[in-house]
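Reviewing the structure listed below.
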């Protein structure tokens, strides 16, 4: 009965866990996004996320690059290794809650000295040669009286989950950075194409003005003006080629290929911008891996407070040994050779000069820091999503206006050429019309490029991609709200 009482007392003590239990803090969440007529209410609340969100842009070249980056990017490989390290740390920490069993074996043969000091003068000393064989497993068990080990396991579990979220965030950052660089490069392809077409147009104009000058119809000033315009356009094209190369080299690093061995053929096809379901602001807290990582960091820091507080309480360790010892191998494993020991060790700190109190204060302030980081990460998430919403709205209106400006500039150039051919205006009017068309076309392709990069930024801000096909068949959430892009290019895709 006494033994049972002791065991029950130990079990009750082991159920005690010091330190605060973790409670996820409430982050202030706005009820809705600030939107305008560019966005419309759509269903479902938020579309199911798809890891291959970039396929929504319908660009096979981008699809291939993303696949290569996920397989060969070294930053992602490092994040994956860190996650595996965190899992190994969790397994190591969890093992502390179990007894440790060590198998010990010893074999020796020794000779005692006949001339050794004696304790009994009535018995003469003799020289003895004998063997000592010992086989004795040992067991050590740290009884987790006040939950120190349980808090350590809790912290390691949260840290492993944080590392998992960091890996997901590294994947999201990689795929969005690659897409952003890719669309920036394609925007430069389109700009270079505009400048190359302008060069051809201006070369024809130069040939025409030169012919007119040879006939004495115009002065040499008109020729020099057109030649200067042509040279300026060529310089701009060359500068854009250099900028394009920088993006191409950045993409090479992301996909794990040396830049000298990597090239992407120029292409200036326009791909539609897919619809992006927003969902409610509260969905961002569930979608974004960096928010999840910051929340798990809080859980790990909170558990460390319990670890620090457990150091104030007594520690108790049980240990025992059972085995055999004999002078001969034949009689080693036998009842007369049996040996065993069982014991316990308890310790309690009486004075440490405030070291443990300082450790608790350090852990508590560490939790405060992670909580502040979590709240700031949430605020940054809302800011980035709202930036994307406003950015796409503004760019949609700007794209419509820039397209109209291109049409007007084309009509202006055609009219200027006709009037110059009829001798009604100076050639300076034609040059001005050419420059206006060049400016309008470049602005138009720049805005289209910005629409793609801002769309990618919005995907990143939302924490991932979407699956339009699954969303279209999801009628169960018809009572919930969401927002999706509504533009000329996105309407047909959505």
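Compute the length gained on full extension between residue 29 and residue 415: take 0.36 nm times their separation in residues and subtract their Cα-Cα distance, giving the result in nm to one decimal. Working shown, then result.
Values: separation 386, 0.36 × 386 = 138.96 nm, distance 5.62 nm.
That works out to 133.3 nm of additional length.
Any idea what angle helix 60-72 forms with the longest principal axis of the chain, computed on alpha-carbon atoms, 0 to 90 degrees, nearest 10?
Helix 60-72 sits roughly 20 degrees off the main axis of the chain.
Quick one: check the C-alpha center-to-center distance for segment 400-444 versus segment 332-370, whole angstrom.
Cα centroid of segment 400-444 versus Cα centroid of segment 332-370: 84 Å apart.
When the helix-only estimate is applied to the chain (DSSP H runs of n ≥ 4, each -39,500 (n - 2.57), divided by the residue count), what is the mean residue ellipticity at 222 nm, nearest 500 deg cm²/dmol? Walk me through the numbers before you get to the answer.
On the way: 11 runs with 292 residues, N = 494.
Value at 222 nm, helices only, nearest 500: -21000 deg cm²/dmol.
If R₀ is 45 angstrom, what is the calculated FRET efficiency for the pair residue 400 and residue 365, using the beta carbon separation as r and rounding to 0.05?
0.25
Identify the residues of segment 272-299 with backbone N under 14 Å of a label point that sits 7 angstrom from the Cα of residue 379 along the Cα-to-Cβ direction, or state none.
In segment 272-299, the label zone of residue 379 (backbone N under 14 Å from the point 7 Å along Cα→Cβ) covers no residue.
Name all residues of segment 77-106 having a backbone nitrogen under 17 Å from the label point set 7 Å from the Cα of residue 321 along its Cα→Cβ direction, giving them as ranges.
100-106
Take every Cα pair under 8 Å in segment 267-385 that's 6+ residues apart, average their separations, divide by the length, and report that relative contact order as a whole percent.
35 percent
Determine the relative contact order of segment 40-149: mean sequence separation of Cα pairs under 8 Å and six or more apart, normalised by residue count, in whole percent.
The value is 25 percent.
With an 8 Å Cα cut-off and a minimum separation of 6 or more residues, compute the relative contact order for the chain in percent.
RCO, the chain: 30 percent.
For the chain, what is the convex hull volume of its Cα atoms per residue in Å³? Display every interim value, and only then the final one.
On the way: hull volume 150.5 nm³, N = 494.
Per residue, the Cα convex hull of the chain comes to 305 Å³.
Quick one: helix 220-254 against the long Cα principal axis of the chain, what's the angle to the nearest 10°, folded into 0 to 90?
Compared with the principal axis, the helix lies near 20 degrees.
To the nearest 10 degrees, how steep is helix 355-421 against the longest Cα principal axis of the chain, on a 0 to 90 scale?
20 degrees
I want to check the label-to-label distance for residue 111 and residue 234. Put each point 7 Å from Cα in the C-beta direction and report it in nm to one decimal.
A separation of 10.3 nm, rounded to one decimal place.
Suppose the chain between residue 356 and residue 67 were pulled fully straight at 0.36 nm per residue; how much longer would it get relative to their current alpha carbon spacing?
99.0 nm
What does the extension gain come out to for residue 245 and residue 259, with contour length at 0.36 nm per residue minus their alpha carbon separation?
Result for the pair: 4.1 nm of gain on full extension.
Among 402-409, 235-242, what's the highest-first ranking by average C-beta atoms within 10 angstrom per residue?
In descending order of packing, they fall as 402-409, 235-242.
Order 270-279, 380-389 from most to least packed using the mean count of other Cβ atoms within 10 Å.
Output ranking for 270-279, 380-389: 270-279, 380-389.
Give, to the nearest whole percent, the P(r) tail of segment 91-242 beyond 18 angstrom, counting all Cα pairs. Intermediate results must be reported in sequence, preceding the final value.
Values: 9270 of 11476 pairs.
Roughly 81 percent, once rounded to a whole number.
Would you please classify the overall shape of segment 64-125 from the alpha carbon gyration tensor, given that a ≥ b ≥ c denote the square roots of the eigenvalues, rounded means a/c under 1.5, and beyond that prolate means a/b larger than b/c while oblate covers the rest?
Working: a/c = 7.31, a/b = 4.15, b/c = 1.76.
Prolate, because a/c is 1.5 or more and a/b exceeds b/c.
Highest first, please rank the peptides 121-134, 301-314 by the mean number of other Cβ atoms sitting within 10 Å of their residues.
Descending packing order for the listed peptides: 301-314, 121-134.
Measure off 7 Å from each Cα along the Cα-to-Cβ vector at residue 78 and residue 439, then give the distance between these two points in nanometres to one decimal.
4.6 nm
Rule-based calculations on the coordinates, nothing more; no lab input. Everything numeric in this text was worked out from a predicted model, so none of it was measured. Ideal geometry is used to build each Cβ from the backbone, glycine not excepted, and the neighbour counts take in all protein chains shown.
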